[in-house]
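Have a look at the structure below, then the notes.
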Amino acid sequence: MRKNGSAAEQATAFLNARLIDPASGKDEPGGLLVRNGEIADLGNHLRRNAPERAKVIDCKGHVLCPGLIDMQVFTGEPGQEHRETLKTASQAAAAGGVTTIVVMPDTEPVIDQVALVDFIQRRARDNAAVNVHVMAAMTRGLKGQEMTEIGLLKRAGALAFTNGKTSVANTRVMRNVLLYSKDFGALIVHHTEDPHLTEGAVMNAGEVATRLGLPGVNKAAETIVLERDVRLVEITGGRYHASTLSCAESLAVIRSAKARKLPVTCGVSINHLTLNENDIGPYRTFFRVCPPLRSEDDRAAMVRGLAAGDIDVIVSSHDPQDADTKRRPFAEAADGAIGLETLLAAALRLHHNGEIGLMPLIRAMTINPARLLGLPAGRLEKGAPADLILVDLGQPWVVDRDLLRARSKNSPFDESKMQGRVLHTMVAGNTVYQYAAGDRS
Amino acid sequence: MTSSIVQTAFARRHLLTCDGLSAGEIVALLDLADKAAESNRQVIKKRDVLRGRTLINLFFEASTRTQSSFELAGKRLGADVMNMNVSNSSVSKGETLIDTAMTLNAMRPDILVVRHDKAGAVELLAQKVDCSVINAGDGAHQHPTQALLDALTIRRAKGRVAGLTVAICGDILHSRVARSNINLLNTLGARVRVVAPSTLLPPQTERLGAEVFTDMNAGLEDADIVMMLRLQRERMQGSYVPSTREYFHFFGLDHEKLARAKPDALIMHPGPMNRGVEIASTIADHSRSVIRDQVEMGVAVRMAVLEAMARLLPNH
């Protein structure tokens, strides 16, 4: 799926960089040489001097690290192209420093067949600026009843299997999926929210929901499903990843599962690391997401869980929605927020606020998802794909949704002040984004 | 002069919520409403405060008394009143709330009175139109004129609101009346209790300023005001309460439970009542029931709100 244009044949040298590689734990000055779409060499010896004929990029001391891998991206292709296509999503990704996106099967039709995996791959090959991988449906039509062809789908290239935005309510189906997927080493990525408890609910239960008169759901709806799933992992041995957790109680379940050496990992969306239910304020539908934003205590617990390694992966959970689905009364609006282009900048807020170090932050968006999904990217290493980003950690900018590349504009970070932006994005040795001074500042 | 207080005290373009209304604003509106109540008892009830103005009643949810109350209030102040009942099925026709708002806005009304079954919908609409907007009930969020008329009814019967214990009983979870009253009565210095089975209580109601009771006998102990809420039919079958019979047994207002309240306690209900479900029929017609006064004060309070708003409307 990666493009191997002619530019990849020429060597490119990134000099005078601060190399950050969470895979090796390195954070040091140096340089990096790209040739044939791969990382050909790196280290301090390349800090000042480039090989002959190499194109030189002076990093001016800024951070050069692996491009981000975002394993939860919803697009509108196929079926809702007016919201987002693979092309527009990939452009947003490139500008945000995301070099690999994993697209979710919640499309029309649902990605639950080999031909559809193939369709996405071909569309991405022809149109996308970054690497695009498919996460396929684990039940037909995402209905939670019949298992999909997990073996064939995996062979076709599906990186993992999920039930999208919904939890499988039927415990027997969930058990069988975990049991069957184990034979293929397939990863099951599950959204954890009890569908009966969440029915009709539009936000987190609590004082804010009570004041707003909105039906809320207790965060236990998440933990209940997670606890059940961990129990099923225990009896099946299937590889399990909870897609986006949102509360402290769920992290306790994860810690206990990991302590028992179960093949359990989990992710968190950038929204749940940087926003809380109070942001909803007067019914702002751009802050309506799934799972719902929780209390500030839960947000802080998620950041601590990330720093402690309880949480493995950060995702944007990029979910484009248009005016038809968002400019509505809160209870009638759709869930979802776009996030590809603001993922890194929003994550850097946590770093600038002193809530978490740079290394664990970048780790959760590079090497951790790479290992989970079996991708060779996400690391600075000889022979690894040259998926790289150059980041000015300090550069201030203000998010203007009209200037975002995503086709839908439902950003909860609209008008937010950010610090840190991507200067250069490279995918397999090709430059796919370059910051131009004056661009969206 | 009470009217001069109004000019300074209630100066808002919209009335969307009781949350954040100051005691001064509320008292000013109640004073104005007292006068309106007086004029409503005269032979000639009509005044010309809103002459030439257009008031549109935009109801996305069926209502008899609130809509007619606003209609009468508008007409008694001389406004041209139009009623629009937009069944929520028009949403399925494809027109969004905002489209509807923009269409109406183009007709240049001066005041829109809006009811919608979704919380926050009226506020959303208010952001999109140029005229004044009055919230006549949005989902389980707010119904400010109901809380104002309840406060007026209490003040006229008891002479004050501050220091009284008010027990709001019934389906708090789905009730905008409860939320508005909790806000407004707290601001006026009353002690507010809510009484309901746990399935009909929203989480952390105490944070809104209400003492929470799940035992009605305890909740009514020494109450000055017993305010009953309507239990909607769809809540009665199984998922929130097991049956009408059981609900009435534990949470219906009968003579026995009423005896727990103060001997001069007032009985209130925002209507429409389910006799025999949340309130015994004889209680509804009790000498201490002020349920019909509430209806009368409803017109007066709405006139007061309209009059206060009229002073802010642009004059050219």
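Worth pointing out:
- For region A:334-372, the tally of residues that are among the small types (G, A, S) and either open to solvent by 10 Å² or more (accessible area, probe 1.4 Å) or modelled with pLDDT under 95 (or both) stands at 3.
- Output for region A:260-282, where each listed residue is within 14 Å of chain B (Cβ to nearest Cβ) and either within 24 Å of A:S167 (Cα to Cα) or surrounded by fewer than 24 Cβ atoms within 10 Å (Cβ to Cβ) (or both): A:E277, A:N278, A:G281, A:P282
- Screening the candidates B:F60, B:F70 for the property of being open to solvent by less than 70 Å² (accessible area, probe 1.4 Å), within 14 Å of chain A (Cβ to nearest Cβ), touching a Leu at 6+ places or on another chain (Cβ under 9 Å) and in contact (Cβ under 8 Å) with a residue 24 or more places away in the chain yields one hit, B:F60.
- Options B:P270, B:P242, B:P314: the member that is in a loop (DSSP other than H, G, I, E, B) and crowded, with 21+ Cβ neighbours inside 10 Å: B:P270
- Scanning region B:195-222 for residues that are more than 11 Å from every other protein chain (Cβ to nearest Cβ) and of a type in the set (V, I, T) yields B:V195, B:T199, B:V212, B:T214.
- The single condition among (1) within 19 Å of A:A406 (Cα to Cα); (2) over 19 Å from the mean Cα position of the chain (by Cα) that A:Q113 does not satisfy is (1).
- Check on A:D335, more than 14 Å from chain B (Cβ to nearest Cβ), under 15 Å from the mean Cα position of the chain (by Cα) and among the charged types (D, E, K, R): no
- Candidates A:L214, A:L178: the one that is in contact with a strand residue (DSSP E or B) (Cβ under 8 Å, 6 or more places away or on another chain), modelled with pLDDT of 95 or more and in a helix (DSSP H, G or I) is A:L178.
- Verdict on B:V113 being β-branched (V, I, T), in contact with a Phe, Trp or Tyr (Cβ under 7 Å, 6 or more places away or on another chain) and either more than 10 Å from chain A (Cβ to nearest Cβ) or closer than 21 Å to A:A209 by Cβ (or both): yes
- Odd one out for A:R379, checked against (1) touching a strand residue (DSSP E or B) at 6+ places or on another chain (Cβ under 9 Å); (2) open to solvent by 50 Å² or more (accessible area, probe 1.4 Å); (3) among the charged types (D, E, K, R): (2)
- Residue list for region A:95-115, restricted to those being more than 21 Å from A:L343 (Cβ to Cβ), touching a residue at least 12 places away in the same chain (Cβ under 8 Å) and open to solvent by 30 Å² or more (accessible area, probe 1.4 Å): A:E108, A:P109, A:Q113, A:V114
- Of all residues in region A:304-314, none satisfies being more than 23 Å from A:L159 (Cβ to Cβ), out of contact with any strand residue (DSSP E or B) (no Cβ under 7 Å at 6 or more places or on another chain) and within 14 Å of chain B (Cβ to nearest Cβ).
- Those strands (runs of 3 or more DSSP E) of region A:326-441 in which at least 3 residues are among the polar types (S, T, N, Q), considering only elements entirely within it, cover A:430-434.
- Residue match in region B:88-96 (condition: buried (at least 17 other Cβ atoms within 10 Å of the Cβ), within 14 Å of chain A (Cβ to nearest Cβ), over 21 Å from B:V177 (Cα atoms) and not hydroxyl-bearing (S, T, Y)): yes
- Selection within region B:245-259 - open to solvent by 80 Å² or more (accessible area, probe 1.4 Å) and within 14 Å of B:C169 (Cα to Cα): B:H249, B:F250
- Per-region count, region A:37-64, residues surrounded by 14 or more Cβ atoms within 10 Å (Cβ to Cβ) and not in a strand (DSSP E or B): 7
- Check on A:V217, within 12 Å of another protein chain (Cβ to nearest Cβ), farther than 24 Å from A:Y180 by Cα and more than 25 Å from the chain's Cα centre (by Cα): no
- Test for A:I101: is it in contact with an Asp or Glu (Cβ under 9 Å, 6 or more places away or on another chain), not in a strand (DSSP E or B) and not charged (D, E, K, R): no
- Hey, A:T223 within 13 Å of chain B (Cβ to nearest Cβ), without any contact (Cβ under 8 Å) to a residue 60 or more places away in the chain and in a helix (DSSP H, G or I) or not: no
- Filter pass, B:R108 being open to solvent by less than 50 Å² (accessible area, probe 1.4 Å), of a type in the set (K, R) and within 24 Å of B:L312 (Cβ to Cβ): no
- Selection from region B:124-137 of residues that are assigned to a helix (DSSP H, G or I) and surrounded by fewer than 22 Cβ atoms within 10 Å (Cβ to Cβ): B:A126
- Cβ pairs under 6 Å, 6+ apart, first in region A:302-321 and within 30 Å of A:G79 (Cα to Cα), second buried (at least 23 other Cβ atoms within 10 Å of the Cβ) and of a type in the set (D, E, K, R): A:V315/A:D70; A:S316/A:D70; A:P320/A:R83; A:P320/A:E84
- Within region A:78-92, the set of residues being part of a loop (DSSP other than H, G, I, E, B) and of a type in the set (G, A, S) comprises A:G79 only.
- Those helices (runs of 4 or more DSSP H) of region B:138-239 in which 3 or more residues are open to solvent by 30 Å² or more (accessible area, probe 1.4 Å) and touching a residue at least 40 places away in the same chain (Cβ under 8 Å) occupy B:144-158.
- Considering only residues in region B:40-74 that are out of contact with any helix residue (DSSP H, G or I) (no Cβ under 8 Å at 6 or more places or on another chain) and among the small types (G, A, S), the one that is farthest from B:K118 (Cα to Cα) turns out to be B:G52.
- Test: A:V230 is within 11 Å of chain B (Cβ to nearest Cβ) and among the aliphatic types (A, V, I, L, M): no
- Restricting attention to region A:65-77, the residues that are within 13 Å of the chain's Cα centre (by Cα), part of a strand (DSSP E or B) and not hydrophobic (A, V, I, L, M, F, W, C) add up to 2.
The values are calculated or read from the model by the stated rules, or taken from the named source; none is laboratory data. This is a predicted model, so every value here is computed, not measured. Note that we place each Cβ from the backbone using ideal geometry, even for glycine, and neighbour counts take in every protein chain shown. Areas reflect the complete protein model, heavy atoms only, side chains present, ligands, DNA and RNA absent. Shrake-Rupley method; radii C 1.70, N 1.55, O 1.52, S 1.80 Å.
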